[in-house]
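Heads up: the structure comes next, in structure tokens.
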Amino acid sequence: MRTFRQPAAAIDPTRFVRHRKYLFPLKRGKFGAPAPNQMASIDQLCERYPDKVFQTHLQSTEPQQPELFKFHIVDNGDTSEFETHCFFQSAGAVTSFLEGSSVDRTCCLVGPNNTSVEETAFNLSTRQLIKSLKLGVFNPYIRRYRRQGDLCARRSLPLPMRLSGTVASLNCLSAHNYFHWMVEVVPRIAGIEMAGIECDYYLIDCLSGFQRQVLALLGIPDEKLIQPHCHLNVECDRLLHVTQGNSAMHTHFKKMIDRNVDADPNAQRQIYISRKKAINRKIVNEPELEEILAARGFEIVCFEDLTVAQQFKIAGEARTIVTAHGAALANTMFARPGTNIVEMYPRQRGNITLYPALSHSRGLRHFTVLGDYTPLWKNIRVDWKNVSIALDLIDSQAVPSRSAA
């Protein structure tokens, strides 16, 4: 077994080859450790191995928003309501494994007796995929798809590296994405602080500029960071797993960030976040929209030109934020309760409730203005009159009564 003596070296970008969301180490690791032959949930592991697996449940004094809520949709000059479920209200917990390891970039966990941890696995069901692929069950992609997130489907694992101390395993599927990293991954550090646990190392995506900036704001030094990758298998004295970021963690995460971000609590800024520098989902008729918003006193900003601290400050000082559907809306976690969010959303997409649910959990008022994709790079065309209707509703504090659910 190799000893991982210099965790800080793991974040050296020269040691990896990156292709978009994929990350490959330059030096191929050795495989040969036995793969798990069984899977169990955390509750089952706590019951079977109470001396090796135990949970710390997180408590929050913040009032919880109801799970069912309604948000406003503006389309074709008409305003309606849509009722949906808020998925940021789950209870939080930190699980400690005194015997276990974290495997791969997605941090799939192995518990006592070489048991795969079900909560960290994914792609466990291939039924829908089989239906959509040619050759069905005989398609070779099926096996690769299953092996991605099910350690029991693998022949072997990378040889483990032993690391002394307490290690937090934080990554998950899609941790490379700004939204998923900001909303689901890094708030788990707040969960660890809420549980009163001190960590020696953090297994978390930390190569991108925005990731390093956020981790620095949290006061985590580089020498405590370990970049997970596909050839990594870390064993330690105590391994921590934190449930996905929820409302309570987001609240504590904001408090941790506010220690180093000096936002004016009395500011009433009106912000339009432009996507003109993004690859896709640009507003094709943005000039006329900017003209309307400027007349209403809106500031026009591009988050690509700002540090994450500046972005968080703007979100914390805003009274109203207008922008197209995109990762910038993840920063609404740092907005004050009562802030108005106007999201321009292409009706052809399928996750319309994502940011309204986040807004609801943070006590924000959310308005969705529907637009349409254009053929080129999936940009969006939005009728500025619908945006004006949403802003008029905000100014009048009107709440439509007709439901579209």
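The values are calculated or read from the model by the stated rules, or taken from the named source; none is laboratory data. This is a predicted model, so every value here is computed, not measured. Backbone-built Cβ (ideal geometry, glycine too); neighbour counts: all protein chains shown.
Some observations on this one:
- Residue in region 235-244 that is under 16 Å from H180 (Cα atoms), outside any strand (DSSP E or B) and under 15 Å from the mean Cα position of the chain (by Cα) present: yes
- Filtered residue count, region 255-310, keeping only those that are under 23 Å from the mean Cα position of the chain (by Cα) and of a type in the set (F, W, Y): 2
- Any chance L173 is in a strand (DSSP E or B) and within 21 Å of the chain's Cα centre (by Cα): no
- Flag for E304 being acidic (D, E) and touching a residue at least 60 places away in the same chain (Cβ under 8 Å): no
- Listed by first and then second residue, the pairs linking a residue in region 186-201 that is in the same structural domain as L218 (by TED's automatic domain parsing) and more than 10 Å from G92 (Cβ to Cβ) to a residue that is aromatic (F, W, Y) and in a strand (DSSP E or B), with Cβ atoms under 8 Å apart and 6 or more places separating them unless they lie on different chains, are I189/Y202.
- Candidates in region 20-33 are the residues that are at pLDDT below 75 and closer than 23 Å to Q211 by Cα; of these, the one that is surrounded by the fewest Cβ atoms within 10 Å (Cβ to Cβ) is R20.
- Just one of the listed residues (G196, G165, G219, G191) is outside any loop (DSSP other than H, G, I, E, B), modelled with pLDDT of 90 or more and surrounded by fewer than 18 Cβ atoms within 10 Å (Cβ to Cβ), and it is G165.
- Candidate set: region 236-249, residues that are at pLDDT 90 or above and surrounded by fewer than 21 Cβ atoms within 10 Å (Cβ to Cβ); chosen: the one nearest to R362 (Cα to Cα): T243
- When residues of region 277-295 are limited to those that are in contact with a strand residue (DSSP E or B) (Cβ under 8 Å, 6 or more places away or on another chain) and of a type outside the set (S, T, N, Q), the one modelled with the lowest pLDDT: R281
- Filtering N351, N340, N331 for residues that are under 24 Å from N285 (Cβ atoms) and within 15 Å of the chain's Cα centre (by Cα) leaves a single hit, N351.
For every residue, the table says whether it meets (1) in the same structural domain as V387 (by TED's automatic domain parsing); (2) farther than 27 Å from V342 by Cβ.
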site	(1), (2)
L218	no, yes
G245	no, no
H252	no, yes
I279	yes, no
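- Some residue of region 257-264 being touching a strand residue (DSSP E or B) at 6+ places or on another chain (Cβ under 6 Å) and touching a residue at least 12 places away in the same chain (Cβ under 8 Å): no
- Those residues of region 204-216 which are outside any loop (DSSP other than H, G, I, E, B) and within 15 Å of the chain's Cα centre (by Cα), in sequence order: F210, Q211, V214, L215
- Given (1) assigned to a helix (DSSP H, G or I); (2) within 23 Å of T307 (Cβ to Cβ); (3) in contact (Cβ under 8 Å) with a residue 24 or more places away in the chain, index of the condition A248 fails: (2)
- When residues of region 101-120 are limited to those that are on the phi > 0 side of the Ramachandran plot and in contact with a Cys (Cβ under 9 Å, 6 or more places away or on another chain), the one surrounded by the fewest Cβ atoms within 10 Å (Cβ to Cβ): D104
- Residues in region 384-397 that are out of contact with any His (no Cβ under 9 Å at 6 or more places or on another chain) and in contact (Cβ under 8 Å) with a residue 40 or more places away in the chain were compared, and the one that is surrounded by the fewest Cβ atoms within 10 Å (Cβ to Cβ) is K385.
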